[in-house]
Amino acid sequence: GFSFMEIVVVVAIIGIMGALAAGVTMTSVNASKADSSTSALMNVIELARNQSTSQRRDFQVIFTAPNQIQVFRLDLPSGSTLIANRYLENGQTFTRFGGLPDTPDAFGHTGAIAFGSTPTIRFTTDGSLVDSSGDVLNGSVFLGVASEVGTARAITIFGATGLIHSWKWNGTVWVN
């Protein structure tokens, strides 16, 4: 048999290991949810860009705080058609964490949605990203769960080509 003291020590070790595993698991779950929201955001932006070139129409993307993304096809001669209306899930919102640097693309991090002074962008028929006056525009969208820096993610768009990158904060630097 085992003594009472041996059983207590084994139970204590199992309890400590369980508590450590729970902490690691929650961090992994939150990171996975953040990655999922980033993928969903990338898909909506890529939809707008790809449809603009295939349909030969401008597509507008509107980011509405805290977590809504809408895509409209700009119809000719006027008007627009709603193509997609999505929300970030899992508690993700458009947010910029104080103290974190800009992404390596360095398109600015003045706010969670950094496309100049507007939360609205437009993809043209050649796939480029422009502002409301038609000027080529680079920008970033930052997202995460408020107060959980480990969920910090970003999407950057290079205006001239419409190239889209996703970024993840690893605790030290932004990585692809």
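Yes or no, residue by residue, for (1) surrounded by 15 or more Cβ atoms within 10 Å (Cβ to Cβ); (2) over 22 Å from the mean Cα position of the chain (by Cα); (3) in a loop (DSSP other than H, G, I, E, B); (4) at pLDDT 90 or above:
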{"site": "PHE2", "(1), (2), (3), (4)": "no, yes, yes, no"}
{"site": "VAL11", "(1), (2), (3), (4)": "no, yes, no, yes"}
{"site": "VAL24", "(1), (2), (3), (4)": "no, yes, no, no"}
{"site": "ALA48", "(1), (2), (3), (4)": "yes, no, no, yes"}
{"site": "SER52", "(1), (2), (3), (4)": "yes, no, no, yes"}
{"site": "GLY91", "(1), (2), (3), (4)": "yes, no, yes, no"}
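Residues in region 122-142 that are farther than 15 Å from ASP102 by Cβ and either part of a strand (DSSP E or B) or in contact with an Asp or Glu (Cβ under 6 Å, 6 or more places away or on another chain) (or both): ARG122, PHE123, THR124, LEU129, VAL130, VAL136, LEU137. A residue that is open to solvent by 20 Å² or more (accessible area, probe 1.4 Å), more than 15 Å from the chain's Cα centre (by Cα), at pLDDT below 90 and within 16 Å of ALA48 (Cα to Cα) occurs somewhere in region 107-123.
Listed conditions (1) at pLDDT 90 or above; (2) closer than 17 Å to GLY91 by Cα; (3) surrounded by fewer than 17 Cβ atoms within 10 Å (Cβ to Cβ) are all met by VAL29, apart from (1). Looking only at residues in region 13-22 that are modelled with pLDDT of 80 or more and open to solvent by 80 Å² or more (accessible area, probe 1.4 Å), which one is nearest to TRP167 (Cα to Cα)? Out of the qualifying residues, it is MET17.
The conditions are (1) assigned to a strand (DSSP E or B); (2) at negative phi; (3) in contact (Cβ under 8 Å) with a residue 40 or more places away in the chain, and ILE83 fails exactly one of them. Which is it? Going through (1) assigned to a strand (DSSP E or B); (2) at negative phi; (3) in contact (Cβ under 8 Å) with a residue 40 or more places away in the chain one by one, ILE83 breaks only (3). Being more than 17 Å from the chain's Cα centre (by Cα), more than 23 Å from ALA40 (Cβ to Cβ) and open to solvent by 60 Å² or more (accessible area, probe 1.4 Å) is a description that does not apply to GLY134. Per the conditions (1) at pLDDT 90 or above; (2) more than 17 Å from the chain's Cα centre (by Cα), the sole criterion not satisfied by HIS165 is (2).
Taking region 61-89 as the range and being under 18 Å from the mean Cα position of the chain (by Cα) and open to solvent by less than 70 Å² (accessible area, probe 1.4 Å) as the test, the residues that pass are VAL61, ILE62, PHE63, THR64, ASN67, GLN68, ILE69, GLN70, VAL71, ALA84, ASN85, LEU88. Criterion applied to PRO66, PRO77 was being in a loop (DSSP other than H, G, I, E, B), within 23 Å of LEU143 (Cβ to Cβ) and either at pLDDT 90 or above or in contact with a Pro (Cβ under 8 Å, 6 or more places away or on another chain) (or both), and the one residue passing it is PRO66.
Count of region 155-174 residues, restricted to those that are under 11 Å from GLY139 (Cβ atoms), open to solvent by less than 20 Å² (accessible area, probe 1.4 Å) and either touching a residue at least 60 places away in the same chain (Cβ under 8 Å) or not in a loop (DSSP other than H, G, I, E, B) (or both), is 3.
The values are calculated or read from the model by the stated rules, or taken from the named source; none is laboratory data. Bear in mind the structure is a predicted one, so any value in this text is a computation, not a measurement. Ideal geometry is used to build each Cβ from the backbone, glycine not excepted, and the neighbour counts take in all protein chains shown. SASA here: full protein model, heavy atoms, side chains in, ligands and nucleic acids out. Shrake-Rupley method; radii C 1.70, N 1.55, O 1.52, S 1.80 Å.
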